[in-house]
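K.L.:
First the structure, which I've put down as structure tokens, then a few questions once you've had a look.
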Amino acid sequence: MPKVPMTEEGYRALRQELDLLKKEQRPAISAALAEARAHGDLSENAEYHAAKEKQGRIEARIARLSRRLGMAEVIRADDLSGDEVRFGAWVTIRNATDGAEDTYQIVGSDEADLDLDQISLESPIAKALLGKRKGMSVEVETPGGTSSYTVTEVSYRR
């Protein structure tokens, strides 16, 4: 099985979600199903059908999280350093067109969250940035066209 790179924080968050699903949501949906069954005829019982659908989503998420955590290669922040963009790096880039600067952390696909300025290792911009250093320029192919950026900072935060 291929390994999936993941930060310690990302691994912890997925583990917590899995624990929540197994220890709280799975038992709660089982109780909801039992209560819905007690209402009689299941063929016309909307509560039962809604609970079954929710149970399916929960079980699918449990399976996915279990699989991803089993393939995880946890990369510790203490092991990261240098001036080259790699997994776990915080990278500040300047758009060549309008001069706008953005800072992103490159993380695994399961932990990417734009609200937290974390982009997936699999994203076009992260792929273009890997191996680059401060001062280097990159061209990024996106669905909206080609964009040019300059790396203005690379750091590894702990």
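Any read-out appearing in this document is the output of simple, stated calculations on the displayed coordinates, not a laboratory observation. Just so we're clear, the structure is a prediction, and the values are computed from it rather than from any experiment. Cβ: placed from backbone, ideal geometry, glycine included. Neighbour counts: every protein chain shown.
K.L.:
Among DSSP beta bridges whose residues both lie in segment 9-158, state the antiparallel percentage, nearest 5.
P.N.:
Taking every DSSP beta bridge with both residues in segment 9-158, the antiparallel ones total about 85 percent.
K.L.:
If you don't mind, there's one more thing I want to ask. Report, in degrees rounded to the nearest 10, the 0 to 90 angle that the Cα long axis of helix 46-71 makes with the longest principal axis of the chain.
P.N.:
Rounded to the nearest ten degrees, it is 40.
K.L.:
Between residue 17 and residue 101, what length comes free when the chain is fully extended (0.36 nm per residue of separation minus the Cα-Cα distance, one decimal in nm)? Working shown, then result.
P.N.:
Working: separation 84, 0.36 × 84 = 30.24 nm, distance 3.29 nm.
Computed gain between residue 17 and residue 101 is 27.0 nm.
K.L.:
For segment 133-148, in order, what is each residue's ³J(HN,Hα) by Karplus, 6.51 cos²θ - 1.76 cosθ + 1.60 with θ = phi - 60°, in whole Hz (x at glycine and Pro)?
P.N.:
Here the 3J(HN,Hα) series is 10, 3, x, 7, 9, 9, 10, 10, 8, 10, x, x, x, 8, 10, 10 Hz.
K.L.:
Also, quick follow-up: Given H placed on each backbone N at 1.01 Å, which residues far from residue 136 in sequence or on other chains put an amide H within less than 5 Å of it?
P.N.:
Under 5 Å from the amide H of residue 136 lie the amide H atoms of 151, each far enough along the sequence or on another chain.
K.L.:
Under the Karplus relation 6.51 cos²θ - 1.76 cosθ + 1.60, θ = phi - 60°, what is the ordered set of whole-Hz ³J(HN,Hα) values for segment 72-77, x standing for Gly and Pro?
P.N.:
5, 10, 6, 10, 7, 4
K.L.:
Measure nothing but the geometry: give the 0 to 90° angle between the long axis through the Cα atoms of 26-37 and the longest principal axis through the Cα atoms of the chain, rounded to 10°.
P.N.:
With both axes taken from Cα atoms, the answer is about 30 degrees.
K.L.:
With mean projected area of the Cα convex hull in nm² in mind, check (i) 12.5; (ii) 10.2; (iii) 9.1 and report the label derived from this structure.
P.N.:
(i)
K.L.:
Please state, to two decimals, what the Cα-based radius of gyration of segment 10-88 comes to when divided by 2.2 N^0.38 Å (N = residues).
P.N.:
Dividing the Cα Rg of segment 10-88 by 2.2 N^0.38 Å gives 1.65.
K.L.:
Let me ask something else about it. Taking 7 Å along the Cα-to-C-beta vector as the label spot, tell me the residue 57-residue 92 distance in nanometres, rounded to one decimal.
P.N.:
4.0 nm
K.L.:
By a straight-distance test (C-alpha under 19 Å), which lysines pair with residue 23 as possible cross-link partners, with residues fewer than eight away in the same chain excluded?
P.N.:
The reachable lysines, counting only those whose Cα sits under 19 Å from residue 23, are 52, 54.
K.L.:
Determine the calculated [θ] at 222 nm for the chain from helices alone, applying -39500 (n - 2.57) to every DSSP H run no shorter than 4 residues and normalising by the residue count; nearest 500 deg cm²/dmol.
P.N.:
Per the formula, -11500 deg cm²/dmol.
K.L.:
Right, next: Against the longest alpha carbon principal axis of the chain, how many degrees, from 0 to 90 and to the nearest 10, is the axis of helix 8-20 turned?
P.N.:
10 degrees
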